[in-house]
Amino acid sequence: MAVARTHSRPDVTLGTTEVVMSLLQGAGDPVSRNWLLQRLRESGHTTSRARLNRALEFCFDHGLAIEGSKGIQWTHSTSPSLLRAIAKGKRV
């Protein structure tokens with residue numbers, strides 16, 4: 001009995017995802033997908049746009065990054081004061 005697949009999604013390695021996360025953390029400002037692809041190529045982690053999108057989807061789904069009109073930016077923070085403010089629902 002074969003399992004039907006509705007659509008195939010590109011595989012992405014943990015290493016590529018970690019490098020993408022590191023690049024976003026270090027960037028400081030919003031960046032484009034083209035910027036990320038260029039930095040990945042320069043670091044020897046060449047990947048396809050589809051695989052980059054899949055790694056970014058992981059970051060978006062887990063609240064680690066957001067995409068806005070200016071680009072993609074790392075948003076995850078482990079600051080104790082920020083975590084307390086989020087838990088209490090107060091504005092920072």
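Which residues, counting only those in segment 32-46, are in contact with a helix residue (DSSP H, G or I) (Cβ under 7 Å, 6 or more places away or on another chain), over 13 Å from E57 (Cα atoms) and in contact (Cβ under 8 Å) with a residue 12 or more places away in the chain? Steps first, answer last, please.
Filtering segment 32-46 for residues in contact with a helix residue (DSSP H, G or I) (Cβ under 7 Å, 6 or more places away or on another chain) gives 33, 36-37, 39-40, 43, 45-46.
Checking the rest, the ones that are also over 13 Å from E57 (Cα atoms) come to 36-37, 39-40, 43, 45-46.
Residues satisfying the conditions are L36, L37, R39, L40, S43, H45.
Could you list, in sequence order, all residues of segment 31-53 that are outside any helix (DSSP H, G or I) and more than 12 Å from the chain's Cα centre (by Cα)? Can you show your working first?
Residues of segment 31-53 that are outside any helix (DSSP H, G or I), as a first pass: 31-32, 43-48.
Answer for segment 31-53, where residues must be outside any helix (DSSP H, G or I) and more than 12 Å from the chain's Cα centre (by Cα): S43, G44, H45, T46, T47, S48.
Rule-based calculations on the coordinates, nothing more; no lab input. Because the structure is predicted, anything quoted here is derived from the model rather than measured. All Cβ positions, glycine included, derive from the backbone under ideal geometry; neighbour counts span all protein chains shown.
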